[in-house]
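Read-outs throughout are calculated quantities, based only on the coordinates presented, and are distinct from any laboratory measurement. As the structure is a prediction and not an experimental result, all values here were calculated from the model. Glycine gets a Cβ as well: all are built from the backbone with ideal geometry, and neighbour counts include every protein chain shown.
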Amino acid sequence: MSSTIAPATSKLALLGGTAVGKITYPKFPTFTDWAIERTAEMLRTGKTFGVGRKHVQEIGEAEEVISQYHAGRHVLATSSGHAALQSALAGLEICCGDEVITTPYTWGASISPILHQNAIPVFVDVERATGLIDPELIETAITPRTKAILAVHLFGQPAKLKRLREIADKNSLMLIEDGSQAHGAVSGGQKVGTVGDAAGFSCMGGKLLATTESGYMVTPDENVYWKGAMIGQHMGRATDGGMPEELQPYTDSLVYTFRVAPFNAVLLTEQFKKIDAELDSRRYHADLLRSHLAGGKYLKLPVYGEGDKPSYHLLSFTLDSEAAGVTRDTFAAALKAEGLTAVGYVPSPISDWARLQWQDYKGPRVSWLSSLEAAGIDYRNMALPNTRWRVDNALETGFDMVEPSEPMVERMAEIILKVESNIDELRDLERREGPSAPAVRG
Ligand SMILES: Cc1ncc(COP(=O)(O)O)c(C=O)c1O
């Protein structure tokens with residue numbers, strides 16, 4: 001692909017010029033008429049609550065479709081991505097002071113399942129270009145209490161699964177994947193969710209595979225499936241059979257309600273029929289944008305390795321603000337005035353968040369503070385230089401280009417190149433008025 005966009009030098013909209021035009025996306029998510037008819041039928045027949053896969057055929061069907069998408073793994077369809085991740089941890093028996101090495105640069109719900117298991121998140125820094133966990137920092141964080149690595153495939157970008165698997169195996173650790181933002185992404189030729197000992201995915205309505213609110217856990221080990229199911233399903237409501245005998249004495253209704261609702265099971269099945277075509281479309285448009293931006297100087301997209309195929313849930317840029325001579329926030333204000341809204345998705349390292357600071361915590365009580373205190377973990381003032389750099393310099397924007405959208409991609413490139421070619425005026429503005437308001441997710 002080659003670029004046809006000439007950088008516009010006309011006056012920036014932020015300075016009173018004419019805006020390039022608003023970036024809009026095709027409607028997403030969409031549901032086929034058949035999916036809508038099938039869910040309506042569930043309501044008509046009164047099949048509404050989440051029970052076992054054999055009792056409600058639609059749950060079995062969804063789990064079979066998901067299994068086929070993930071190399072035949074065992075599947076537990078759940079009520080949310082959080083439920084899927086917590087089921088994964090429970091299935092692997094990670095709890096009660098066990099340490100889990102993970103990333104401080106993600107959506108908080110990657111971490112809250114660790115806390116809800118009374119396990120201890122141990123944060124290591126990320127790679128600057130992508131914001132994904134840096135595998136080479138993991139081994140120095142291992143202690144005798146470390147049980148697992150939890151890697152997040154953030155923004156649709158696949159973490160380095162081959163390397164993570166090697167490190168996990170070498171150190172007898174479990175590997176857990178959070179694929180909530182990366183259904184169908186590929187890392188070194190391997191699809192996310194097919195390398196870890198368990199993986200959790202969110203299928204809430206804003207995700208690549210969208211239902212209303214649901215998720216799923218996948219694992220190669222049937223026992224992990226059952227132990228995961230045990231914490232989230234009223235077994236008295238399930239008529240599945242097949243639970244290993246040694247687990248049976250421990251099943252009861254001391255559980256969360258994590259099983260998928262049949263309504264969402266139908267949507268899971270139907271949405272999986274569309275996902276690959278939608279991912280192809282996202283990838284095509286991302287490559288097109290990349291080619292249009294080939295001459296750009298300051299705002300960069302990450303370059304991915306051979307065999308890596310992101311899913312482009314969001315587009316993640318980084319600004320070389322030193323070279324640009326303006327802050328990310330002023331650059332983002334200029335993009336927004338032209339028609340492209342982009343913000344820093346992660347507002348601060350998770351290790352800085354108030355609800356992890358047990359030493360001087362004053363907010364509403366939360367259950368994990370006592371586990372953190374008992375472990376003596378101290379998250380105050382962690383260095384995390386790349387995470388902090390990204391908090392100041394990353395810009396994420398939606399990218400639901402699931403249908404032909406070439407003119408919108410051209411417009412996006414035009415906006416970015418226009419701001420870049422007016423960088424002197426933007427620098428002057430910042431010198432006069434100071435940086436714009438923080439461009440971070442609220
Ligand atoms: C990276 C990540 N992990 C976990 C979750 C939790 O998923 P859910 O909202 O379905 O519980 C999300 C969803 O927002 C997410 O983006």
Q. So which of LYS47/LYS227; LYS27/LYS309; LYS11/LYS300; LYS207/LYS274 end up more than 19 Å apart by C-alpha?
A. LYS47/LYS227; LYS27/LYS309; LYS11/LYS300
Q | Angstrom value of the Kirkwood radius, inverse mean 1/r, which spans all Cα pairs in the chain | A | 23.0 Å
Q. Dipole size in debye (nearest 20) for the chain around its Cα centre, Lys and Arg Cβ +1, Asp and Glu Cβ -1?
A. 600 debye
Q. Helix 328-338: angle to the longest alpha-carbon principal axis of the chain, degrees 0 to 90, nearest 10?
A. 80 degrees
Q: Kindly write out, for the range 376-391 in residue order, the coupling ³J(HN,Hα) from the Karplus curve 6.51 cos²θ - 1.76 cosθ + 1.60 (θ = phi - 60°), rounded to whole Hz, with x marking Gly and Pro.
A: x, 6, 10, 8, 5, 6, 5, 5, 6, x, 6, 4, 5, 4, 5, 4
Q | Helix 262-272 axis, angle to the chain major axis (alpha carbon atoms, nearest 10°) | A | 50 degrees
Q | Convex hull volume of the range 33-274 per residue (C-alpha atoms, cubic angstrom) | A | 115 Å³
**Q.** Efficiency of FRET between ALA71 and GLN248 - r from beta-carbon atoms, R0 25 angstrom, step 0.05
**A.** 0.30
Q.
Can you give the local net charge around VAL391? Use residues other than it whose beta-carbon is closer than 10 angstrom to its beta-carbon, Lys and Arg +1, Asp and Glu -1.
A. +1
Q. Hey, fewest Cβ within 10 Å first, where do GLU177, GLU278, GLU127 land in order?
A. GLU127, GLU278, GLU177
Q.
Please give the charge dipole size of the range 33-274, origin at the Cα centre, charges +1 on K and R Cβ atoms and -1 on D and E Cβ atoms. Round to the nearest 20 debye.
A. 360 debye
Q) Considering every Cα-Cα pair within the range 341-442, what fraction, in whole percent, is farther apart than 22 Å? A) 56 percent
Q.
Using only the alpha-carbon atoms, how far is helix 33-45 inclined from the longest principal axis of the chain? Give it as 0 to 90 degrees, nearest 10.
A. 30 degrees
